[in-house]
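The structure appears below as structure tokens.
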Amino acid sequence: MAQAAAVAAGEWLRRVLSEKERAAVILASATSQIRFLDRLIRQPQIDWSRLTFFHMDEYLGIPEDHPASFRRFIREHVAEKLPQAAFHYIQGDSPEPLRECRRYCDLLHNQPIDLCCLGIGENGHIAFNDPHVANLRDPHTIKLVQLDEACRKQQVGEGCFPDLNAVPQYAFTITIPGLMRARRIIGVAPERRKAKAVKNALEKEVCKDCPASVLRQHPNAALFLDADSAGGLEAFQPG
């Protein structure tokens, strides 16, 4: 699954770079993305010096060297392996969070996004657009949100924090319209714990109760699953 998604992303980036001088990519920071990112940076015949990378979310108030920092995740899994590429980070510990939102918004608007690589949370979120704060027509490109308990429990389950009390209650996130502006979206959603969210995203109505369902409205989106995450789909025939 990770290899297939990476090949699709690589093909798209080569196409974009054949059409224009630079390309921009938004990446997700999550354990479910590690294998995909490892294979993405190995894709051949891509001039990484012509790419600019963004990431879609970050916890409010944690420093960049915190073990759970998404800046640290992107740096360790991508930036250090592609030193020729450009990276823009959300400064989660900025003393003026609203000004940081405006700064990152300006960066995103100055560089049209060609590819967004994302995952799906156990509660159906994309980025940190949890159901209770998701807005399919959000007027903002990036905003501060309060994380719901299901999302915070997922962070503990993935080993990012020792317990629920250690998980920040607030975070920066690129909004749903901000993600949907990308010319192409590639989703990677493995594991059985994502099966319910995948089923809701693909088989139920498009609504904020399952923010990932909005991906069905994008004209150029693909969702890559494994047997476990696809196991609940009516159309899935294992074997």
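Evaluated with a Cβ-only charge set (Lys, Arg +1; Asp, Glu -1), the chain carries a dipole of roughly 600 debye about its Cα centre, given to the nearest 20. Here the mean projected area of the convex hull built on the C-alpha positions of the stretch 1-91 is 5.6 nm².
Count neighbours as other Cβ atoms within 10 Å of each site's Cβ, and list the GluC sites (Glu not before Pro) in the stretch 112-168 that are DSSP loop with at most 16 such neighbours. Before the final figure, lay out the partial values.
Values: sites: Glu122, Glu149, Glu158; in loops: Glu122, Glu158.
Those that pass, being in a loop and sparsely packed, are Glu158.
If you take every DSSP beta bridge fully contained in the chain, what fraction is antiparallel? Give it as a percent rounded to 5. Given both bridge residues lie in the chain, the antiparallel proportion sits at roughly 30 percent.
Dividing the summed -39500 (n - 2.57) terms of all DSSP H runs of n ≥ 4 by the residue count of the chain sets its mean residue ellipticity at 222 nm at -8500 deg cm²/dmol. Glu76 sits among other residues whose Cβ lies under 15 Å from its own Cβ, and their net charge, with Lys and Arg +1 and Asp and Glu -1, is 0. Scaled against the 2.2 N^0.38 Å expected of a compact globular protein of N residues, the Cα radius of gyration of the chain reads 0.95. The Cβ shell under 14 Å around Phe161 holds other residues with a net charge of 0, Lys and Arg each +1, Asp and Glu each -1.
Mind checking which of Ala23, Ala197, Ala85 has the largest fluctuation in a GNM of the chain, springs on alpha carbons under 10 Å? The residue that fluctuates most here is Ala85. Each Lys or Arg adds one and each Asp or Glu subtracts one; over the other residues with Cβ under 10 Å from the Cβ of Ile113, this totals +2.
Our note on the geometry: Cα centres of the stretch 20-97 and the stretch 127-146, 20 Å apart.
Every number here is computed from the coordinates shown, using simple stated rules; none is lab data. In this text the structure is predicted, and so the values were computed from the model without any measurement. In this analysis, Cβ positions are derived from the backbone assuming ideal geometry, glycine residues included, and neighbour counts consider all displayed protein chains.
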